[in-house]
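Before any comments, here is the structure.
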Amino acid sequence: MNKDNDHEYSVEFSTGAVKDLKAKACKPHLKEIFEEIRVLGTEPLAGDLLEGSLAKVRSLHFSLKGSGQWRVAYYVMFEEKVCLVLLVGTRENFYEKANSRYRSIKKSLK
């Protein structure tokens, strides 16, 4: 077991991720989305590590009945024990949006 999984992480949301969750597409699925995201508190490495300009970002994939494939882009701050959710959305244009969000906050991350 990875030592980083031994302690609970807090899950925090960027301003953009909060806007995503308030969007019309997410509202009917909030309960299910939060259930999927909750796993990051105990399994911060659950998502796939991305590549290229998103090399330090992870992507958690899940399906919602009647709504298709969804993704959560997040950044793990190991020292602080925090998973920072950057983006919540469907597959469409997800990685382009994630790249934009990550670029906008990258300087403030450790």
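Just so it is clear, none of the values below were taken in a lab; they were calculated from the coordinates. Just so we're clear, the structure is a prediction, and the values are computed from it rather than from any experiment. Cβ placement follows ideal geometry from the backbone for every residue including glycine, while neighbour counts extend to all protein chains displayed.
The residues in segment 32-74 that are surrounded by 15 or more Cβ atoms within 10 Å (Cβ to Cβ), of a type outside the set (Val, Ile, Thr) and touching a Leu at 6+ places or on another chain (Cβ under 9 Å) can be counted, and the count is 12.
State yes or no: is residue 22 closer than 16 Å to residue 97 by Cβ, exposed (fewer than 13 other Cβ atoms within 10 Å of the Cβ) and not β-branched (Val, Ile, Thr)? Spelling it out, residue 22 is indeed closer than 16 Å to residue 97 by Cβ, exposed (fewer than 13 other Cβ atoms within 10 Å of the Cβ) and not β-branched (Val, Ile, Thr).
How about segment 57-70: which of its residues are touching a Phe, Trp or Tyr at 6+ places or on another chain (Cβ under 9 Å) and touching a residue at least 24 places away in the same chain (Cβ under 8 Å)?
Initially, segment 57-70 is screened for residues touching a Phe, Trp or Tyr at 6+ places or on another chain (Cβ under 9 Å), giving 57-64, 69-70.
Those that are touching a Phe, Trp or Tyr at 6+ places or on another chain (Cβ under 9 Å) and touching a residue at least 24 places away in the same chain (Cβ under 8 Å): 57, 59, 60, 62, 64, 70.
Scan segment 88-110 for residues that are outside any helix (DSSP H, G or I) and within 11 Å of residue 57 (Cα to Cα) and the total you get is 0. When each of 60, 45 is tested for being touching a helix residue (DSSP H, G or I) at 6+ places or on another chain (Cβ under 9 Å), part of a strand (DSSP E or B) and hydrophobic (A, V, I, L, M, F, W, C), the lone residue that passes is 60. Scan segment 38-52 for residues that are under 14 Å from residue 12 (Cα atoms) and hydrophobic (A, V, I, L, M, F, W, C) and the total you get is 2.
Looking at 76, 72, which is the one that is touching a Pro at 6+ places or on another chain (Cβ under 6 Å), in a strand (DSSP E or B) and of a type in the set (A, V, I, L, M, F, W, C)?
Numbers: 72 fails: touching a Pro at 6+ places or on another chain (Cβ under 6 Å).
Only one candidate passes the filter, namely 76.
Return the residues of segment 75-110 that are buried (at least 19 other Cβ atoms within 10 Å of the Cβ) and either among the aliphatic types (A, V, I, L, M) or free of Cβ contacts under 8 Å to residues at least 60 places away in the same chain (or both); say none if nothing qualifies. Within segment 75-110, 75, 76, 84, 85, 86, 87, 88, 94, 98, 102 qualify.
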